[in-house]
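Step one of this worksheet: look at the structure below.
The values are calculated or read from the model by the stated rules, or taken from the named source; none is laboratory data. The structure presented is a predicted model; accordingly, all values stated were derived computationally and were not measured. No Cβ is skipped: glycine too gets one built from the backbone with ideal geometry, and neighbour counts run over all protein chains shown. Each accessible area value is taken on the protein alone, full model and side chains, heavy atoms only, with ligands, DNA and RNA left out. Shrake-Rupley method; radii C 1.70, N 1.55, O 1.52, S 1.80 Å.
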Amino acid sequence: MRVSVLCIALLITSLLVSPVKLFAQDSVEAKRIDWLLGASVGVPAYDGEMAAELLTLGVHFTQFRVNRVGADLSLGTVPRLLGNGVVTFGARAGVALPLALSPRVLLLPSGGLSLLGAFGAGGGGGTSGLNAGVAALLLRGNAIGLRTGVTWHRFRDASGALLLWEVGFVRGQQQR
């Protein structure tokens, strides 16, 4: 609950900041933003219980085509477990539909496949499943902004669903 209150506070604060430019202007032509690249911090919850000790660090790549479906990819890990000799990874691969709510606020519903895995001295393993989520993007000039969201994951080997609450930053990139 505290994470969602923090995310909402960050969203409201960002709305009050300077306007967004989805297209950078130069003297010759407008440059289109093709991808949003970012990094985030996440807190997982399982069975209604937040697991702050399993704080995640991740990167995400979203194809930026307003009102059109595009690719959405994310990779993450749990750094705390590295100290115990366990390498973890999580991945999401799917699609997102960037919807412009205003010139500087976007909503990104998404869905796709999820993977979880870990390996260490004693071996390794993993599982797969499905995900669905929604993120909000608050963009400033040159498509730099804040991204916050929640993703629901249902893994085939789990009895319940996992939620991942994330907050991070994004930057628009041109495809070359």
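Accessible surface for the stretch 102-163, divided over its residues, is 47 Å² per residue with a 1.4 Å probe. The simple Förster model, with R0 at 22 Å and r as the Cβ-Cβ distance, assigns GLU49 and ALA158 a FRET efficiency of 0.95. For the stretch 37-93, relative contact order (Cα pairs under 8 Å, six or more residues apart, normalised by length) works out to 27 percent. Only the Cβ atoms of Lys and Arg (+1) and of Asp and Glu (-1) were treated as charged; on that basis the dipole of the stretch 29-167 about its Cα centre amounts to roughly 480 debye.
Overall, the accessible surface of the stretch 32-173 at a probe of 1.4 angstrom is composed of carbon and sulfur to the extent of 66 percent. The convex hull around the C-alpha trace of the stretch 32-173, projected and averaged over every direction, spans 8.6 square nanometres.
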